[in-house]
1. Among the residues of the range 54-66, is any assigned to a loop (DSSP other than H, G, I, E, B) and within 16 Å of the ligand (Cβ to nearest atom)?
2. Could you list, ordered by first residue, the pairs with Cβ atoms under 6 Å in which the first is in the range 133-144 and in contact (Cβ under 8 Å) with a residue 24 or more places away in the chain and surrounded by 16 or more Cβ atoms within 10 Å (Cβ to Cβ) and the second is among the small types (Gly, Ala, Ser) and part of a loop (DSSP other than H, G, I, E, B), at least 6 apart or interchain?
3. Give the range 171-181 a look and list any residue that's assigned to a helix (DSSP H, G or I) and surrounded by fewer than 17 Cβ atoms within 10 Å (Cβ to Cβ), or say none.
4. Which condition number in (1) at negative phi; (2) touching a helix residue (DSSP H, G or I) at 6+ places or on another chain (Cβ under 9 Å); (3) not in a helix (DSSP H, G or I) is the one that Phe80 fails?
5. For the range 37-76, how many residues meet the condition of being of a type outside the set (A, V, I, L, M, F, W, C), touching a residue at least 24 places away in the same chain (Cβ under 8 Å) and under 14 Å from Met109 (Cα atoms)?
6. With the structure loaded, tell me whether Ala95 is in contact with a strand residue (DSSP E or B) (Cβ under 6 Å, 6 or more places away or on another chain), more than 20 Å from Val133 (Cβ to Cβ) and either more than 16 Å from the ligand (Cβ to nearest atom) or in contact (Cβ under 8 Å) with a residue 24 or more places away in the chain (or both) or whether it fails that test.
7. Say we look at the range 14-26 and pick out the residues that are surrounded by 15 or more Cβ atoms within 10 Å (Cβ to Cβ) and part of a helix (DSSP H, G or I); which of these is farthest from the chain's Cα centre (by Cα)?
8. For the range 166-196, which residues satisfy the criterion of being hydrophobic (A, V, I, L, M, F, W, C), farther than 23 Å from Leu13 by Cα and either at pLDDT below 90 or under 24 Å from the mean Cα position of the chain (by Cα) (or both)?
Amino acid sequence: MNIHQEIHIPAHLWIGSPDKLQEKAISYIQTIFCLYRGCGTCVTCLLISEKRYYAAQWVVPEKQWYTIGDLEQITKTVVFMLDEGRNYVIVLEDADKLSASCANSLLKMLEEPPQGYQFILLASRQDLVLPTVASRCLVYVVPSSSTHNEIASFCELFKVMPNSMVIFDKMYESSFVGEQDPLLILDEISSYWMSAYQKLMLDGEFLKAQHIYHIVAELSYAYEHLPMPGSSKMFWRNLLLKIMITLR
Ligand SMILES: [Zn+2]
């Protein structure tokens, strides 16, 4: 999902490691206000990265949990609608530190802020954010670079077959595959086998291509039978076994 296409939903909830989220929020805000869509070097971009830009407010809890006092700066700011084309972004860090009573004072605002206001809520885990809050937001999981690498090596298993399933089990346990969108992983694996298939066809290697075609068919089947919650490991394990059998 491209977060920039979803700008019409006024509240986003981003989940990920705090460092990564800060970085992401800064570059996102830069693309909104920078004349060059986030060059990273102009005065606007610099002010945003230093959290000193006038139209981007960063809110953090003073103590362990948010208090009504912490949120006052928001309720005081978000009052009137802005002129057409004007934007104001509020970044609420540690959104998992909102108590129910605090969150209540925000709900209406998150859902229908006056024109021009946009909220970005940051949290390390979605299950710690109140459902009343999360349900009003577009939720976006920001993968950490280490997660990204783990997913890439996991996909690698489906391209270069492992010698034994023990490797699969180890890799699965150590990665966050179960928490990822299975479509992203399938896309990665499919595009590899599709291009392998096309290349063999172009080279006139029809017999080999036929083999690969069976893998492509297994993958299309997998697209139509995505894993249910809790059955992710079984799903990937079966898919890998089917591919391995095809190649044998
Ligand atoms: Zn700039």
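The values are calculated or read from the model by the stated rules, or taken from the named source; none is laboratory data. The structure displayed is predicted, hence computed values, not measured ones. Backbone-built Cβ (ideal geometry, glycine too); neighbour counts: all protein chains shown.
1. First, pick out the residues of the range 54-66 that are assigned to a loop (DSSP other than H, G, I, E, B): 54-55, 60-66.
Narrowing the set further to residues that are within 16 Å of the ligand (Cβ to nearest atom) leaves 54-55.
Yes, some residue in the range 54-66 is assigned to a loop (DSSP other than H, G, I, E, B) and within 16 Å of the ligand (Cβ to nearest atom).
2. Every condition considered, the pairs that remain are Val142/Gly16.
3. From the range 171-181, those assigned to a helix (DSSP H, G or I) are 171-174, 177-179; that's our starting set.
Hits for the range 171-181 are Glu173, Ser174, Gly178, Glu179.
4. Of (1) at negative phi; (2) touching a helix residue (DSSP H, G or I) at 6+ places or on another chain (Cβ under 9 Å); (3) not in a helix (DSSP H, G or I), only one is false for Phe80: (2).
5. 1
6. no
7. Taking the range 14-26 first, the residues surrounded by 15 or more Cβ atoms within 10 Å (Cβ to Cβ) are 14-17, 20-22, 24-26.
Checking which are part of a helix (DSSP H, G or I) leaves us with 20-22, 24-26.
Numbers: Lys20: 11, Leu21: 10, Gln22: 14, Lys24: 11, Ala25: 13, Ile26: 16 Å.
It comes out as Ile26.
8. First, pick out the residues of the range 166-196 that are hydrophobic (A, V, I, L, M, F, W, C): 166-168, 171, 176-177, 183-186, 189, 193-194, 196.
If we keep only those that are farther than 23 Å from Leu13 by Cα as well, we get 166-168, 171, 186, 189, 193-194, 196.
Once the filter is applied, which keeps residues that are hydrophobic (A, V, I, L, M, F, W, C), farther than 23 Å from Leu13 by Cα and either at pLDDT below 90 or under 24 Å from the mean Cα position of the chain (by Cα) (or both), the range 166-196 yields Met171, Leu186, Ile189.
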